[in-house]
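The values are calculated or read from the model by the stated rules, or taken from the named source; none is laboratory data. None of these values were measured; they are calculated from a predicted model. Here Cβ is always computed from backbone atoms with ideal geometry, including for glycine, and neighbour counts include all displayed protein chains.
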Amino acid sequence: MNQQAKSLTERWSMQIRDDPLTSLKYDAPPAWGVTDPDAGQLAWMIRGYWISQIVGTLARLGIADRLAGGPVAAAEIATSIGCDPDATYRLLRASRAVGLVATTSDGRFALAPLGEKLRSGVPGSMRDSAIASTAPGHWLPWGRLSHAVRDGRCQTREALGAGLFQYYSDHPAEGQAFTGAMSISSAKVADEIAMILDTSGAERVVDVGGASGTLISALLLRNPSLEGAILERPDVVPHARAAIAERGLSSRCRVVSGDFFESVPEADIHILKYIIHDWDDEQSVLILSNCARALQPNGRVVLVEVAIPEDHRPSWASLMDLNMLAVLPGRERTVREYRDLLGRASLRLDRITPTASGFDLIEASAAESLKPETR
């Protein structure tokens, strides 16, 4: 057994031993009918989409929430979610095989620790991410990856009939799941960025494409004298306003409907988390140029991205780069490529700070040609 296969088996064994519900049972990871460890590992990769859709379906149907109170029979779950009883049982049985749920001695199903992350409204929930990643907006363009590689362009128009964000505007439920997934992504890094980023000399910060404002909220909570704004698409604005109100920050943070390809509000800091990687070079330069023009004196543009290593060592950013190829016109970039983009937007790269979460904090300021005395 190779090391990766051994680690997988050990993880399952640990999950069984450590489960506080000692009556719950898990299946061992299947061998897929092969004895060669490399073939077994490759078989898992080939059939990975099976597991993706199991996870997404559990999340979409709200099954994890139904199991939150304890073990439930499959037929009862099926009735509560309005699904076919036999098909629901088969889904739960497969979910058990991959460690998302477990069975009690009387055959009822309960959440495994892994499945707890598919509940809604719990710390660390990945429900929105599971829904967004397995719904048509991402799923169908990825199905055309070979076309993307042949053509060198994203496949959303061919797969969805529109660009991704227009598609989300036309399909608000799916768009809301995507916004929620982005908020969860921001939550993982928000507090760390708020500690690293010096906002002491700033009066106003704008979160460009800030979704529900998780990142800007962390900045505002850390610096009580700071005021802010979120620039978002019209369909996202109501959700952002509700989220800001829930955090008690409405008096210090407004939500603005707009298009960052046209303009952005003036600020001392423009922060853009996972925005520039969505767009090609020309589009990125346009966004960054709009930010540069709207900077107050001594202001900064701050990108939160994942830079691809210059030394070609393996990086998960290369997987996200393929997501960009299939779904959006953008790409992941190296530090050198970010420096070039910023320079074309009359910005100067000042510093890059890695974070524990894997993101890089890329800070830039106005180049000489854009400083107040020469504007």
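Are there strands (runs of 3 or more DSSP E) fully within the range 280-375 with at least 3 residues that are over 24 Å from residue 182 (Cα atoms) and over 24 Å from the mean Cα position of the chain (by Cα)? List them. In the range 280-375, the matching strands (runs of 3 or more DSSP E) lie at 295-305, 347-354. So, residue 110, is that one crowded, with 19+ Cβ neighbours inside 10 Å and either in contact with a Pro (Cβ under 8 Å, 6 or more places away or on another chain) or outside any helix (DSSP H, G or I) (or both) or not? In short, yes. Looking only at residues in the range 255-281 that are surrounded by fewer than 16 Cβ atoms within 10 Å (Cβ to Cβ) and in contact with a Lys or Arg (Cβ under 9 Å, 6 or more places away or on another chain), the one that is farthest from residue 336 (Cα to Cα) is 257.
Annotation: residue 312 fulfils all but one of (1) closer than 23 Å to residue 154 by Cα; (2) modelled with pLDDT under 95; the unmet one is (1). Can we say residue 218 is touching a helix residue (DSSP H, G or I) at 6+ places or on another chain (Cβ under 8 Å) and outside any helix (DSSP H, G or I)? Considered against the rule, which asks whether it is touching a helix residue (DSSP H, G or I) at 6+ places or on another chain (Cβ under 8 Å) and outside any helix (DSSP H, G or I), residue 218 comes out as no.
Might you check whether a residue that is hydroxyl-bearing (Ser, Thr, Tyr), within 13 Å of residue 190 (Cβ to Cβ) and at pLDDT below 95 occurs anywhere in the range 215-227? No, that holds for no residue. Filtering the range 96-111 to residues that are of a type in the set (A, V, I, L, M) and in contact with a helix residue (DSSP H, G or I) (Cβ under 7 Å, 6 or more places away or on another chain) leaves 98, 100, 101, 102, 111. The number of residues in the range 169-179 being buried (at least 21 other Cβ atoms within 10 Å of the Cβ) and either at pLDDT 95 or above or not hydroxyl-bearing (Ser, Thr, Tyr) (or both) comes to 3.
Among the residues examined, residue 130 does not qualify as surrounded by 20 or more Cβ atoms within 10 Å (Cβ to Cβ) and farther than 26 Å from residue 278 by Cβ. Residues of the range 62-81 that are touching a helix residue (DSSP H, G or I) at 6+ places or on another chain (Cβ under 8 Å) and not small (Gly, Ala, Ser): 63, 66, 67, 72, 77, 79, 81. Screening the range 1-87 for helices (runs of 4 or more DSSP H) wholly inside it with 2 or more residues that are at pLDDT 80 or above and surrounded by 12 or more Cβ atoms within 10 Å (Cβ to Cβ) returns the ranges 37-46, 48-60, 63-66, 74-81. Entry remark, the range 153-178: residues being assigned to a helix (DSSP H, G or I) and touching a helix residue (DSSP H, G or I) at 6+ places or on another chain (Cβ under 6 Å) number 10 in total. Residue check, residue 195 against (1) more than 20 Å from the chain's Cα centre (by Cα); (2) surrounded by fewer than 21 Cβ atoms within 10 Å (Cβ to Cβ); (3) not assigned by TED's automatic domain parsing to the domain that holds residue 287, all met but one. Which one? Just one mismatch for residue 195, condition (3).
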